[in-house]
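Worksheet: one structure, shown below.
The values are calculated or read from the model by the stated rules, or taken from the named source; none is laboratory data. What you see is a predicted model, and the numbers here were worked out from it, not measured in a lab. Reconstructed Cβ throughout: ideal geometry from the backbone, glycine too, with neighbour counts over all protein chains shown. Accessible surface areas use protein heavy atoms only, side chains included; no ligands, DNA or RNA. Shrake-Rupley method; radii C 1.70, N 1.55, O 1.52, S 1.80 Å.
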Amino acid sequence: AGAAPAVVSNGNVQGMAPNSSIISVGNYYNGGSPYDAWRFVAEGPDGIIDSGDEAQIGSFSFGYSSTIDAGSDFSSLYLDWLTRIHSRNTTYMVALGNGGHGYGTVASPGGAAGVISVGAASSKTGESVGDTWGDMAMWTNRGPNSQGRMDPDIVAIGWSATGDTTLNLSLIHI
């Protein structure tokens with residue numbers, strides 16, 4: 001694994017993606033539809049795929065922990081269709097859910113074949129039981145999903161994020 005360098009121009013750091021833009025989908029927890037939101041990400045404001053106004057990456061930090069058969073349920077199959085057939089230039093990153101540790105606890109739609117499922121890890125240090133630096137957060141769901149695929153695809157800091165503290169602080173001996 002390697003680190004992605006930031007773009008530097010005339011001594012100014014421009015960030016990891018200087019020409020990127022953000023599309024606001026809105027709060028569908030307040031009466032909207034996740035299916036409309038996912039399709040909006042794939043098609044953009046004009047409703048046409050590959051016209052240049054759609055997102056390349058959709059990031060959704062939720063999971064429906066009450067859904068049985070994550071990966072085979074309607075939400076998972078719909079996202080799979082969006083990414084592998086309808087809009088092949090859009091990738092979705094979806095949280096696995098907060099249903100807790102245990103075998104086969106993947107939440108929908110994180111079990112979809114066409115998405116990148118994301119689990120949470122901890123950046124805490126000095127804990128005596130669980131959730132110490134580099135461990136999976138004890139509340140994050142784990143695979144396999146109902147179709148037998150191992151999840152998560154990727155794990156990132158999602159618990160006790162330290163922000164301005166280096167992630168390898170526990171390795172530094174002063």
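Looking at region 64-81, which of its residues are under 16 Å from the mean Cα position of the chain (by Cα) and either modelled with pLDDT of 85 or more or part of a loop (DSSP other than H, G, I, E, B) (or both)?
Taking region 64-81 and keeping what is under 16 Å from the mean Cα position of the chain (by Cα), we get 64-65, 70-71, 75-76, 79-80.
Passing the criteria: Ser65, Ala70, Gly71, Ser75, Ser76, Leu79, Asp80.
Is it fair to say Ala42 is surrounded by 11 or more Cβ atoms within 10 Å (Cβ to Cβ), of a type in the set (A, V, I, L, M), at pLDDT 90 or above and not in a strand (DSSP E or B)?
On the way: surrounded by 11 or more Cβ atoms within 10 Å (Cβ to Cβ): yes; of a type in the set (A, V, I, L, M): yes; at pLDDT 90 or above: yes; not in a strand (DSSP E or B): yes.
Answer is yes for this residue.
Which residue is least open to solvent (accessible area, probe 1.4 Å), if the candidates are limited to region 88-105 and must be modelled with pLDDT of 85 or more and part of a loop (DSSP other than H, G, I, E, B)? So, considering only residues that are modelled with pLDDT of 85 or more and part of a loop (DSSP other than H, G, I, E, B), the one least open to solvent (accessible area, probe 1.4 Å) is Thr90.
Which ones in region 45-63 are of a type in the set (D, E, K, R) and open to solvent by less than 60 Å² (accessible area, probe 1.4 Å)? Before the answer, list the steps.
Within region 45-63, the first condition is being of a type in the set (D, E, K, R), and the residues that meet it are 46, 50, 53-54.
Correct list: Asp53, Glu54.
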